[in-house]
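This report concerns only the one structure given below.
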Amino acid sequence: KQEVTQIPAALSVPEGENLVLNCSFTDSAIYNLQWFRQDPGKGLTSLLLIQSSQREQTSGRLNASLDKSSGRSTLYIAASQPGDSATYLCAVASYGGATNKLIFGTGTLLAVQP
Amino acid sequence: GAGVSQSPSNKVTEKGKDVELRCDPISGHTALYWYRQSLGQGLEFLIYFQGNSAPDKSGLPSDRFSAERTGGSVSTLTIQRTQQEDSAVYLCASSLSQDTYEQYFGPGTRLTVT
């Protein structure tokens, strides 16, 4: 059974810092991995999607890497801003069954202090 | 274009009543997913549709929960005889197909059972 863990559970940094969020998963047989952001009381916003054949994806100040063999992904945020404050969730779509349903981690709550 | 929409955004109901939650996926997306986000359980998969059929219902927590999709578009999640433990945010997502494509989420319906 696929399990997804995110570390740290919460993180507070001053504005301008670079930071790394970690995601680990137990079964390396995945279709893809997605990073999402969730603002309080809102739905999920997709940030980056990494296919199983890829090593990393970049979008603006965000860079996500994937190491399937070790079951790890990292989300790197450069030059953090107060507007980056949110909960960040990673999710994996695993092989097996009739669907690539997403299995989510418990999230990292990020606070960027101005 | 328009994203995934859900209605209502908030629903308060009395224990024992039935509720219907609606999801309008992105036009042309054949795959549709329902997830539930609750404080104790995090974000968990409920059911997956490919077109109008549901090949994976493995996440539905009890037979009080059912869902249908018509015309390969709109989906309705129905909860009968609601219980307090059904209180959660119900999220709908769609993707172009079920293979390797990114899932796009709606804003969710916050259900409170009193």
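The values are calculated or read from the model by the stated rules, or taken from the named source; none is laboratory data. In this text, all values refer to a predicted model and were calculated from it rather than measured experimentally. A quick note on method: Cβ atoms are made from the backbone with ideal geometry, for glycine too, and the neighbour counts reach across all protein chains shown. For the accessible areas, the whole protein counts, side chains as well, though only heavy atoms, and no ligand, DNA or RNA atoms are used. Shrake-Rupley method; radii C 1.70, N 1.55, O 1.52, S 1.80 Å.
Values as computed for the structure displayed
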quantity: Residues (of a type in the set (A, V, I, L, M), surrounded by fewer than 20 Cβ atoms within 10 Å (Cβ to Cβ) and either within 10 Å of chain B (Cβ to nearest Cβ) or not in a strand (DSSP E or B) (or both)) located in segment A:1-48; calculated: A:A9, A:A29
quantity: Count of residues meeting criterion [in a strand (DSSP E or B) and closer than 21 Å to B:Y104 by Cα] in segment A:75-89; calculated: 5
quantity: Selected residue (criterion: farthest from A:G41 (Cα to Cα)) from residues of segment B:73-84 that are under 16 Å from the mean Cα position of the chain (by Cα) and modelled with pLDDT of 95 or more; calculated: B:Q80
quantity: Residue list for segment B:94-109, restricted to those being more than 8 Å from chain A (Cβ to nearest Cβ) and surrounded by fewer than 19 Cβ atoms within 10 Å (Cβ to Cβ); calculated: B:L96, B:S97
quantity: The lone exception for A:S24 - which of (1) small (G, A, S); (2) under 12 Å from the mean Cα position of the chain (by Cα); (3) at positive phi it fails; calculated: (3)
quantity: Residue in segment A:52-63 that is open to solvent by less than 20 Å² (accessible area, probe 1.4 Å), within 23 Å of B:Y101 (Cβ to Cβ) and at pLDDT 95 or above present; calculated: no
quantity: Looking only at segment A:67-114, and only at residues there that are open to solvent by less than 20 Å² (accessible area, probe 1.4 Å) and without any contact (Cβ under 8 Å) to a residue 60 or more places away in the chain, the one that is nearest to the chain's Cα centre (by Cα); calculated: A:L75
quantity: Any chance B:L21 is among the aliphatic types (A, V, I, L, M), part of a strand (DSSP E or B) and more than 11 Å from chain A (Cβ to nearest Cβ); calculated: yes
